[in-house]
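Quick note: the coordinates plus some simple rules give every number you see, no bench work behind them. Everything quoted here is computed from the prediction, not taken from an experiment. No Cβ is skipped: glycine too gets one built from the backbone with ideal geometry, and neighbour counts run over all protein chains shown.
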């Protein structure tokens, strides 16, 4: 039992998270129906001319699948947890994941594809306005989603990405002890905000902070982050492959920002570009 558990009865609330693939698939479908050209630009992640070998999303895809395969192999349990935390923190830093989701939200609202969609909207709480790390990105995407009525998308990013755990692991300010992730010299988690709490002998809840994070609480959130990243990448691949031939669409590429006829270019491998 944890040190905190020796003093108080722990409450570990059963997680009830949205299913990432289902939620994000609905977002992708709505974006496609709203503006197929901007949807295609988001799938292609248009950012100018670039040689092969410069796509970080491909590298992340390989890393995730190889690491998950290793996690499912017979390895030492503590090493499994360290490897899981390493993968989790990598996922927290995936800029492309945030940009894709933010752009799909923008397209659903009638906006255009933007190379830096994460920073185009979504007012942050006081104190976060100058936060540019991954957790700021996660909160921005969550705010964009909620402002657009995609509350389930907001729930996913707020539940999966936990700043103290990411910071503690990456800055080596943690230990693994028994079934706990312990923050040694990092800001603690807010018990009230993150639903880790304790009750006294009468059953009354505390508003507490804790530097002790039970893996029973943490692992479902790590799994949610992994499933979210996989859902985004799988939906991008699935959506691109759904195009088997070139398709004419309307896009806002006129000299005055008006609609003109454009062609989404595709072959047997899927969507690969567009032309006027």
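For segment 35-110, the Kirkwood radius over C-alpha pairs fed into Stokes-Einstein at 37 °C and 0.692 mPa s yields D = 224 µm² per second. Taking the average, over residues, of other Cβ atoms within 10 Å as the packing measure, peptides 89-97, 168-176 rank 89-97, 168-176 from highest down.
Given 0.36 nm per residue, what is the gain on full extension from residue 175 to residue 261 after removing their alpha carbon distance, in nm? Walk me through the numbers on the way to the answer.
On the way: separation 86, 0.36 × 86 = 30.96 nm, distance 5.81 nm.
That pair, residue 175 and residue 261, stretches by 25.2 nm at full extension.
By the beta-carbon count within 10 Å of each Cβ, the least crowded to most crowded order of 212, 162, fewest first, is 212, 162. Highest-first packing order for the peptide set 76-86, 229-239 is 229-239, 76-86, based on the mean count of other beta carbon atoms within 10 Å.
Put in line by how crowded their Cβ is, counting other Cβ atoms within 10 Å and starting with the fewest, 68, 23, 153, 118 read 68, 23, 118, 153. The ranking of 242, 211, 16 from fewest to most other beta carbons within 10 Å of each one's beta carbon is 16, 242, 211. As a rough guide to protection, the peptides 265-274, 99-108 ranked by mean Cβ packing within 10 Å, highest first, stand as 99-108, 265-274.
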